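Colleague: The structure that follows is given in the form of structure tokens.
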């Protein structure tokens, strides 16, 4: 079972509208990668940078070309909705996806990385070898770029933070088009632990949130999620 360890840190920030393409460098030096799923865990994120196999993982990651750790990390709230769909080969049950156009907010963790590091992480999530830089200019200009039809092959730019672009990746389909699928208990524990590490949420608050997400709602009650997390915990 993943330990739900609360970390008290800075208050979550919301990205601001992105600067126009003409006002930003063609190739930004540093970007924020907003992780809303299992990569909210710093140690799991570092596997994509250093290489290796994450705990409980079914496959090894080659790692990034630049293996340095993130320069900073902080909690953020992205506009949109987290939902569960498709089938996770690692966790079984539904995977977590992000629809930036849906009404709501998504707690996430932003890591300050080089543009090259973000591209290498994204390519590993896309099951591609990180051999060359991703061209980020289209997503920075339009806010969204579909690189393929795979589950994490669409880049999203939901705004800027401290003058630097916030980037993440999700599926090509929207929440309305998704084939929803309930997540497994193991995946819920992983997400709850990430929310504790990134936002300081206790099991009660995490259970209320996760059980209400599309794909989980109607299959998981808040009480059932709380039990899956190891019993009743603090509500905060």
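Here, each number is a calculation from the coordinates, and none is a lab measurement. Note that the structure is a prediction, hence the values are computed from the model and not measured. As a convention, Cβ positions derive from the backbone with ideal geometry for all residues, glycine included, and neighbour counts pool all protein chains shown.
Colleague: For segment 167-219, just say rounded, prolate or oblate: build the C-alpha gyration tensor, square-root its eigenvalues into a ≥ b ≥ c, call rounded for a/c under 1.5, and beyond that prolate if a/b exceeds b/c, oblate if not. Don't skip to the end; give the middle numbers.
Modeller: On the way: a/c = 2.25, a/b = 1.43, b/c = 1.58.
Oblate.
Colleague: Let me ask something else about it. Considering only 147, 78, 87, give the residue with the highest GNM mean-square fluctuation for the chain, with springs between Cα atoms whenever their separation is below 10 Å.
Modeller: 147
Colleague: Same structure again: For helix 115-125, report the angle its Cα long axis makes with the longest principal axis of the Cα atoms of the chain; keep it between 0 and 90° and round to the nearest 10°.
Modeller: Between the helix axis and the principal axis of the chain, the angle is about 50 degrees.
Colleague: Just to be sure I understand: if I project the alpha-carbon convex hull of segment 145-236 onto a plane and average over all orientations, what area do I get in nm²? Show your work: numbers first, answer last.
Modeller: On the way: hull surface 28.7 nm².
Projected over every direction and averaged, the Cα hull of segment 145-236 covers 7.2 nm².
Colleague: Could you rank the peptides 222-229, 153-160 by their average count of other C-beta atoms within 10 Å per residue, with the highest value first?
Modeller: Numbers: 222-229: 18.9, 153-160: 21.6.
In decreasing order of mean packing, 222-229, 153-160 become 153-160, 222-229.
Colleague: Using Cα centres only, tell me the gap between segment 126-172 and segment 64-110 in whole Å.
Modeller: 13
Colleague: Let me ask you something else. With each run of n ≥ 4 DSSP H residues scored as -39500 (n - 2.57), what mean residue ellipticity at 222 nm is computed for the chain after dividing by its residue count and rounding to the nearest 500 deg cm²/dmol? Don't jump to the answer; show the numbers that get you there.
Modeller: Working: 6 runs with 57 residues, N = 236.
The per-residue figure over the chain is -7000 deg cm²/dmol.
Colleague: Please give, to one decimal in nm, the separation of the simple spin-label points placed at residue 16 and residue 127, each 7 Å out from Cα toward the Cβ.
Modeller: Here the answer is 4.1 nm between the modelled labels.
Colleague: Something else about it: Taking 0.36 nm per intervening residue step and subtracting the Cα-Cα distance, what contour gain separates residue 103 from residue 87 on full extension? Could the numbers behind the result be given before it?
Modeller: Details: separation 16, 0.36 × 16 = 5.76 nm, distance 2.40 nm.
The span from residue 103 to residue 87 would gain 3.4 nm if fully extended.
Colleague: At 1.002 mPa s and 20 °C, plugging the Kirkwood radius over alpha-carbon pairs of the chain into Stokes-Einstein gives what diffusion coefficient in µm²/s?
Modeller: Values: Rh = 17.8 Å.
In µm²/s, the coefficient rounds to 121.
Colleague: Compute the long axis of helix 185-199 from its Cα atoms, compare it with the longest principal axis of the Cα atoms of the chain, and write down the angle in degrees, 0 to 90, nearest 10.
Modeller: Around 60 degrees separate the two axes.
Colleague: If I model a spin label at residue 141 and residue 212 as a point 7 Å from the Cα along the Cα→Cβ vector, what separation in nanometres do I get?
Modeller: Here the modelled spin labels are 3.9 nm apart.
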